[in-house]
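Following: one structure in structure tokens, then a few remarks.
The values are calculated or read from the model by the stated rules, or taken from the named source; none is laboratory data. In this text, all values refer to a predicted model and were calculated from it rather than measured experimentally. For neighbour counting, all protein chains shown are included, and Cβ atoms are generated from backbone atoms with ideal geometry for every residue, glycine included.
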Amino acid sequence: MSGGRAIRRAIAALRAGRPVLIESERPLAILAVETATPELLEILDSEGKAPLLISGERAAALALANLREAADPAQPVLIERASWLDAEAAQALADPGRDLDRGPIGPLHPIPSNCAESAKAGLALARLAGLLPALWLVETAGAIAQVSADEIASERRAPHVEIVSRARLPLEDLPRTQIVAFRASDDGQEHVALLIGAFAGKPPLVRLHSECLTGDVFGSLKCDCGPQLKEALRIIGTAGGGVLLYLRQEGRGIGLANKLRAYALQDRGLDTVEANRRLGFADDERDYAHAAAMLRALGVHEVQLLTNNPAKVTGLEAAGIKVVERVPHHMPANPHNADYLATKRRKSGHLG
């Protein structure tokens, strides 16, 4: 089985609450806390000894990062199984939405891990599946899907995309436009490109837009995504042509359900970066390897990039696409997103 097919099968298994074997020098079998049933956990761990694997960011949110075994937020953390740590308690530990409504959990005892490579691969797989970064480590015999840690790392570094369909897409007030659908090799996600007008002979104006259901479709005022999308299309159209990539990276790469969890935490006073970290993710989980692969498939190797986010410039260039110019893309704030935009400038390096 190819690396991409193995990853997609493993993602489906995790989402369905089934165990997955991560093959490496030190293999391990993982079971997602969020989707596993108590009954299956009991079958796979009849003695109640399965440790819990969480991300370093989540360990920091649980105040474990001051302990020697969990000192590095970038490293996965293993927690020793205790008699009280059943499926329900693990759900409460994994879900930060419960952090502010309960007393302390524990005591929690981080334990040394000799399978860091497999653990990182397992947490990466959970993120690709849109799940919280919390996994039971169970007996390998019960796994119904398997994928190697090397395959996960390789596909994440340099995913491939294939063009699966394309068609004309008339859009109001825009030049002739074509929509192109791509399928990614690693997680099977479908991304699209809008090819607007004509741009032959020069690096096209390009916008990388991460999917935002709440902003793009429902017009949420909590972010600036909807206005950004509309204004980017207008700017590209006015320039005579260019490319807009619509990337399936909801919630800065953490998925729709987790983004809504982050929204709930923001309602409790956390900012967007603090909310992501409390969930157990990095500030921004996006990478732009898919975007670079899509541009190459379209024959584009140099771009003028419409963005205020320097990480998009460095991400594209790291993936082999030359950014000849950064074109600013400013949106006015509203009372609901002013703090969000200020946080992006202050903590995420976005330009004003």
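For the stretch 182-198, filtered to residues that are modelled with pLDDT under 90 and acidic (D, E), the residue that is nearest to the chain's Cα centre (by Cα) is D187. Note on the stretch 212-236: residues that are surrounded by fewer than 16 Cβ atoms within 10 Å (Cβ to Cβ) and of a type in the set (G, A, S) amount to 1.
Against the definition (farther than 30 Å from L229 by Cα and in contact (Cβ under 8 Å) with a residue 12 or more places away in the chain), how does I111 come out, yes or no? For I111, the condition - farther than 30 Å from L229 by Cα and in contact (Cβ under 8 Å) with a residue 12 or more places away in the chain - is met. The stretch 1-120 holds helices (runs of 4 or more DSSP H) entirely within its bounds, and those carrying 3 or more residues that are at pLDDT 90 or above and of a type outside the set (S, T, N, Q) map to 3-15, 38-44.
Picking from N258, N276, which residue would you name as being more than 19 Å from D187 (Cα to Cα) and polar (S, T, N, Q)? Reasoning before the result, please.
Numbers: N258 fails: more than 19 Å from D187 (Cα to Cα).
Exactly one residue qualifies, and that residue is N276.
Based on this model, can you work out whether G320 counts as without any contact (Cβ under 8 Å) to a residue 24 or more places away in the chain, within 30 Å of G241 (Cα to Cα) and not acidic (D, E)? The answer is no for G320.
Residue under question is L279, and the condition is that it be surrounded by 16 or more Cβ atoms within 10 Å (Cβ to Cβ), within 23 Å of L132 (Cα to Cα) and touching a Gly at 6+ places or on another chain (Cβ under 8 Å); does it hold? No: the conditions fail for L279. Of the strands (runs of 3 or more DSSP E) lying entirely inside the stretch 190-298, not one carries at least 3 residues that are within 30 Å of L53 (Cβ to Cβ) and either free of Cβ contacts under 8 Å to residues at least 40 places away in the same chain or outside the structural domain of V313 (by TED's automatic domain parsing) (or both).
Filter the stretch 309-329 down to residues that are among the β-branched types (V, I, T) and within 19 Å of K202 (Cα to Cα) and give me whichever is surrounded by the most Cβ atoms within 10 Å (Cβ to Cβ). Outline the logic, then answer.
So the first thing to find is which residues in the stretch 309-329 are among the β-branched types (V, I, T), and the list is 313-314, 321, 323-324, 327.
Filter again for within 19 Å of K202 (Cα to Cα), leaving 313, 321, 323-324, 327.
On the way: V313: 17, I321: 23, V323: 19, V324: 10, V327: 18.
Going through the qualifying residues, I end up with I321.
For the stretch 11-58, the set of residues classified as within 16 Å of G255 (Cβ to Cβ), hydrophobic (A, V, I, L, M, F, W, C) and surrounded by 19 or more Cβ atoms within 10 Å (Cβ to Cβ) consists of I11, L14, A32, V33, listed by residue number.
One line per residue, one yes/no per condition, for (1) under 29 Å from L31 (Cβ atoms); (2) small (G, A, S):
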site: Q146; (1), (2): yes, no
site: A149; (1), (2): yes, yes
site: I152; (1), (2): yes, no
site: R157; (1), (2): yes, no
site: V164; (1), (2): no, no
site: L174; (1), (2): no, no
site: R183; (1), (2): yes, no
site: G188; (1), (2): yes, yes
site: A193; (1), (2): no, yes
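Among the residues of the stretch 213-230, none qualifies, meaning not one is of a type in the set (A, V, I, L, M, F, W, C), within 20 Å of V324 (Cα to Cα), modelled with pLDDT of 95 or more and under 18 Å from the mean Cα position of the chain (by Cα).
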